[in-house]
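Here the structure is laid out as structure tokens; the discussion comes afterwards.
The values are calculated or read from the model by the stated rules, or taken from the named source; none is laboratory data. Remember, it's a predicted structure, so these values are computed and weren't measured experimentally. In this analysis, Cβ positions are derived from the backbone assuming ideal geometry, glycine residues included, and neighbour counts consider all displayed protein chains. Surface accessibility is based on the protein's heavy atoms, side chains included, excluding ligands, DNA and RNA. Shrake-Rupley method; radii C 1.70, N 1.55, O 1.52, S 1.80 Å.
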Amino acid sequence: NTTDSSQILHPRWVRINTLKTTLEEQLESTFAGLERALTVDAVRKRGSKHIFIDHNIPNLVAVSSTTDLSKTEAYKSGAIIFQDKASCFPAYLLDPRSEDDDIIDSCAAPGNKTTHLAAILQSRQPDPNGGSQKIHAFERNYGRADTLKRMVSLAGSDRITTIHAGEDFLKAKPEASTYKKVTSLLLDPSCSGSGIVGRDDMPELHLPVPKNNTPLPKDSKNKKQTKVPDPTKETRKRKREDFNEDLDVMVDDDGMVTAVDTVDELNARLTALSKFQLELLIHAFKFPSARRITYSTCSIHAQENEQVVLQALKSSIAKEQGWRLLKRADQIRGLKEWPVRGDIEAAEGDAEVAEACIRANKGDEHGTMGFFLAGFVRDSNSVEDIG
Ligand code: SAM
């Protein structure tokens, strides 16, 4: 009963965790027997025995989603991490280089981007146990902070990660001495989740831990937290198909999938989310040593994306502190070459802003989830410009 379109699957993107292994090692072990493909298309067929090595993001491969890797030693030991290609963009764009500057990951659980940052940092340190660089990983929700701890530990990034469990990034004091060496911030706030393709692409769920052990959050302010989704059930997918095309699956601010029933509800939700997202960016602009910031969402909605960026650029703090967009020409190679850019209409006709913004479309030929990313930079006299 299969149709042609059902044969084209979303690829299974796999990040090779260089804190624990190398791409070469994995090609010879976990992926031995798979034939190298030149395009991602080859791994999108049911039962494909191909592997695609990504051209944009280092140490990222794709295989068919019908290839079960969840029982492999590499997955269980954290040597490979299931992470959508687009979800690998932010840490790569942030491009942390200096050996003693700290980083903040403001919205960290379950830790895909935190552990990616850690891997990039270590690859740039000549001595794997050296360097005093730290990642401050904030996670407001206690239950999700537990998940973050497990992922950080499994991925081997504990040494350089300080987890701020249950801490609201918006309450972190930019002037505090703890943050005086913070030069880069990665902001990946809660969003509508409208770019998520399906259950397999929920970055939150990519953890080899018993799902029914997910602890309930201690913060009981949001009653919806009790609806912990069971990733082993098919309900999420079926529900999605039941929706009217004007409606969407939403992820509430603790990453849980919720639904809205009307377009008005959707708009109200987007307004609330974008207010929070802008607040987060403005707060990040205040860190005195900060030179680079990435802002990302897995949303397809302009309101959470280009619109937030435009408002942030117009803010008085951005102007006072000299924050501007990281232009395409100054982006790291793999993302400079990435062709899908911001939406010009959403950027209110500003072609430069649209070009600086990075998008990924759900379900197009690149095989990614729907995603948005923008980088912000400012120059400094005291810190060497790493742009
Ligand atoms: N960056 C994560 C990854 O790649 O694995 C996904 C982050 S998820 C989209 C957003 C997370 O931010 C949620 O776990 C949520 O609980 C947390 N969060 C939301 N607001 C926050 C705040 N003000 N301070 C700290 N964490 C927050």
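Identify, by number, the condition in (1) at pLDDT below 95; (2) on the phi < 0 side of the Ramachandran plot that Gly363 doesn't meet.
Only one criterion is unmet by Gly363, namely (2).
Search the range 95-123 for residues that are within 12 Å of the ligand (Cβ to nearest atom) and open to solvent by 10 Å² or more (accessible area, probe 1.4 Å) and pair each with any residue that is at pLDDT 95 or above and in a loop (DSSP other than H, G, I, E, B) when their beta-carbon atoms are under 6 Å apart and the residues are at least 6 apart or on different chains.
Cys107/Asp188; Cys107/Pro189; Lys113/Asp188
Output the residues belonging to the range 264-280 that are touching a Leu at 6+ places or on another chain (Cβ under 7 Å) and either open to solvent by 40 Å² or more (accessible area, probe 1.4 Å) or more than 12 Å from the ligand (Cβ to nearest atom) (or both).
Leu266, Glu279
If a residue must be open to solvent by 50 Å² or more (accessible area, probe 1.4 Å) and in contact with a Lys or Arg (Cβ under 7 Å, 6 or more places away or on another chain), how many such residues does the range 51-78 contain?
Counting residues in the range 51-78 that are open to solvent by 50 Å² or more (accessible area, probe 1.4 Å) and in contact with a Lys or Arg (Cβ under 7 Å, 6 or more places away or on another chain) gives 2.
Do the conditions hold for Phe287, that is, is it at pLDDT 95 or above and in contact with a helix residue (DSSP H, G or I) (Cβ under 7 Å, 6 or more places away or on another chain)?
For Phe287, the condition - at pLDDT 95 or above and in contact with a helix residue (DSSP H, G or I) (Cβ under 7 Å, 6 or more places away or on another chain) - is met.
So which of Arg97, Arg159, Arg124 ends up being closer than 26 Å to Lys286 by Cα and not hydroxyl-bearing (Ser, Thr, Tyr)?
Selected residue: Arg97, the only one of Arg97, Arg159, Arg124 that is closer than 26 Å to Lys286 by Cα and not hydroxyl-bearing (Ser, Thr, Tyr).
Among all residue pairs at least 6 apart or on different chains, which show Cβ distances below 7 Å where the first residue, located in the range 165-187, is closer than 17 Å to Ile317 by Cα and modelled with pLDDT of 95 or more and the second is acidic (Asp, Glu) and within 14 Å of the ligand (Cβ to nearest atom)?
So the pair list comes out as Leu170/Glu279.
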